[in-house]
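Chemist: The structure's right below; bear with me while I get my questions together.
Values in this text are rule-based calculations from the coordinates and carry no lab data. Keep in mind that this is a model prediction, so the values were computed, not measured. When we count neighbours, we look across all protein chains shown, and the Cβ atoms used for this are built from the backbone with ideal geometry, even at glycine.
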Amino acid sequence: MSRTALRVCLLLLAALGRAGSEHDQDQEHGDEDVPHSSEKGPGHSHWSYEDREHWGVGYPDCAGTMQSPINIDTAKTIFSPQLRPIQLSGYSLPASEKLKLRNNGHTVLLELPETLAITGGYAQQYRAVQLHLHWGSPSGPGSEHTVNGHRFAAEIHVVHYNTKYDSVTEAMVYPDGLAVLGAFLEVGPRENPYYQEILQHLHKIQTEGKEVLVPGFNIAGLLPANMKFYFHYNGSLTTPPCYQTVKWTVFNQTMQLSHSQMSTLVMNLRNDDGKPLQNNYRLVQDLHRRQVLASFQTTLLSPKQTPSGSDASEAAEGHSGSSFHAGDVLAVLFGVLFAVTALAFLLYIYKHRSQNTRMDSPTKSKVIYTAASTENTA
Ligand SMILES: *[C@@H]1O[C@H](CO)[C@@H](O)[C@H](O)[C@H]1NC(C)=O
Ligand SMILES: *[C@@H]1O[C@H](CO)[C@@H](O)[C@H](O)[C@H]1NC(C)=O
Ligand SMILES: [Zn+2]
């Protein structure tokens, strides 16, 4: 009996410490996707963006009901506090590590080493494979996702696959196979040094199939600093074969490139027809019955809920959240009270432990396992 009590106690403490993060998120982390590239190497496929209305003919999944991209209507998203901040590991690469940057006729694609991983925010572990971009033309924007009908200048997709599979090729056909992190690019006042690490090489890979080796850099710099605020939904690859196996994360914070950088992206590459590689985005797809979750409150109900109070507020457990922030103080108060009580209880148990033969090692290992996985995810 004291064994069970101890375990419950530790579990509760752990849950408290991590602000209720990981087991909830297991169920919600949706899809991401976009395997444009890896499959298009030498044996490239013959689809084109001009033909995008007919992709379903050769690739049946493209006509499915869980397709990407989508328009994100922030008024209809469901606030889900259990969506934890996305955490990355291994993203900072030394310049000595060379990465392949390729024009595959549909996009510019940077191959990523398997040492890059998503270690938090998703219920499972995902390894990076590649990243690529979608953009418009000199006369219009070209992001794939839209937010409240607004299309951004461009969009980055970082494609990962579930480590329970052996390769991205295997993973991409399973519902939980892929995770794609997406972020919007906009024009801002300053040059972005991280994007420059890619953009400065584009003139060397202007035609389809060309590739160049580029020095490693901090890949995480291509994504928003704030990984707490994002949208999450189940969707698909946005290019044929459009497999519906992507748990998407679309960040709320956008990235800024200078005007000149944006022109470099839009003007440099050519597609397989030798024409300018522009407007390489798919139109938004019907949501059908899907839900889009938000890790933050998207509607301003009260002055106190601007997107900033995240960390403390994430400790609260509420689900769809209107009284989320209001509960912060109480949550912290009860948390502290509970922690004190639990500690006292633990001390009590510890004192009696030597007399208690039932405190065997199986229990210990369970406890240790729990703590470790907590660390990983939170
Ligand atoms: C995505 O699909 C999984 C598996 O069907 C489901 O458990 C999860 O709730 C879905 N996520 C969203 C955001 O709808
Ligand atoms: C970020 O969230 C705010 C609040 O809902 C919304 O107005 C804005 O359009 C969102 N932007 C993006 C890029 O998601
Ligand atoms: Zn993409």
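Chemist: List every residue whose amide H lies under 5 Å from the amide H of Gly188, counting only residues 5 or more places away in sequence or on a different chain, with H placed 1.01 Å from N in the peptide plane.
Modeler: Leu257, Ser258, His259
Chemist: While we're on this one: So who's got an amide H within less than 5 Å of the one on Gln130, skipping anything under 5 residues away but keeping other chains? H placed 1.01 Å off N, in plane.
Modeler: Leu112, Val159
Chemist: Note the full-extension length gain between Ser89 and Thr65 as 0.36 nm times their separation in residues minus their Cα-Cα distance, in nm to one decimal.
Modeler: The Ser89-Thr65 span can extend by a further 5.3 nm.
Chemist: I've got another one for you. Given the pairs Lys100/Lys228; Lys98/Lys204; Lys164/Lys247; Lys100/Lys275; Lys100/Lys210, which span a C-alpha to C-alpha distance of over 19 angstrom in this model?
Modeler: Cα-Cα > 19 Å for Lys100/Lys228; Lys100/Lys275; rest within.
Chemist: Between the DSSP loop rule and a limit of at most 15 other Cβ atoms within 10 Å, which GluC sites (Glu not before Pro) in region 181-217 are left?
Modeler: Glu191
Chemist: Out of residues 5 or more away from Met227 or on other chains, whose amide H comes under 5 Å of its own, with H placed 1.01 Å from N in the peptide plane?
Modeler: Distant-sequence amide H within range of Met227: zero hits.
Chemist: Over the Cα atoms of region 31-328, each weighted equally, I'd like the Debye log10 I(q)/I(0) at q = 0.10, 0.12 Å⁻¹, rounded to two decimals.
Modeler: Debye curve over Cα of region 31-328, log10 I(q)/I(0) at q = 0.10, 0.12 Å⁻¹: -0.51, -0.74.
Chemist: Any chance you could list P(r) for region 160-226, counting all Cα-Cα pairs in 5 angstrom bins from zero, rounded to whole %?
Modeler: 3, 12, 16, 14, 19, 20, 12, 4, 1
Chemist: Among Met172, Phe184, Pro113, which residue has its Cα positioned farthest towards the positive end of the charge dipole of region 31-328, with +1 placed on the Cβ of Lys and Arg, -1 on the Cβ of Asp and Glu, and the dipole taken about the Cα centre?
Modeler: Final value for the positive-end residue is Phe184.
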